[in-house]
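Data first, discussion second: the structure below is written as structure tokens.
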Amino acid sequence: MRIGVILLILLTGCSTTVPVSRKFPVAPDVLMERCAQLELLQPDAKLSDVAKNVTRNYSLYHECAIKNDFWQEWYTEQKKIFDEVK
């Protein structure tokens with residue numbers, strides 16, 4: 001009798017299912033934004049400083065923009081794949 005009750009409890013416990021909800025992780029807002037503010041010039045900057053600053057900011061901006069664009073493209077594609085698999 002006891003064995004039958006134990007088996008009944010074990011079999012009943014195995015037949016119940018727990019609903020599982022899948023959620024794709026939300027990207028932090030920081031990663032979905034554009035680059036940080038670029039370097040500013042001092043009011044008394046020389047022309048050579050302006051040229052260096054422009055070159056540095058141009059490089060920093062384009063490097064950051066490329067990284068962010070590729071990351072956002074990767075994230076969007078992964079979310080699309082995740083949503084298609086059900």
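Computed quantities for the displayed model
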item: So Y58, is it assigned to a helix (DSSP H, G or I) and at pLDDT below 90; result: no
item: Identity of the residue in the range 40-73, surrounded by fewer than 10 Cβ atoms within 10 Å (Cβ to Cβ) and not hydrophobic (A, V, I, L, M, F, W, C), that ends up nearest to A27 (Cα to Cα); result: Q42
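For (1) farther than 23 Å from F82 by Cα; (2) loosely packed, with under 10 Cβ neighbours inside 10 Å; (3) modelled with pLDDT under 80, each residue gets a yes or a no:
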position	(1), (2), (3)
I6	yes, no, yes
S21	no, yes, yes
P28	no, yes, yes
E33	no, no, yes
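The values are calculated or read from the model by the stated rules, or taken from the named source; none is laboratory data. It should be emphasised that the depicted structure is a prediction, and the values quoted were computed from it without experimental measurement. No Cβ is skipped: glycine too gets one built from the backbone with ideal geometry, and neighbour counts run over all protein chains shown.
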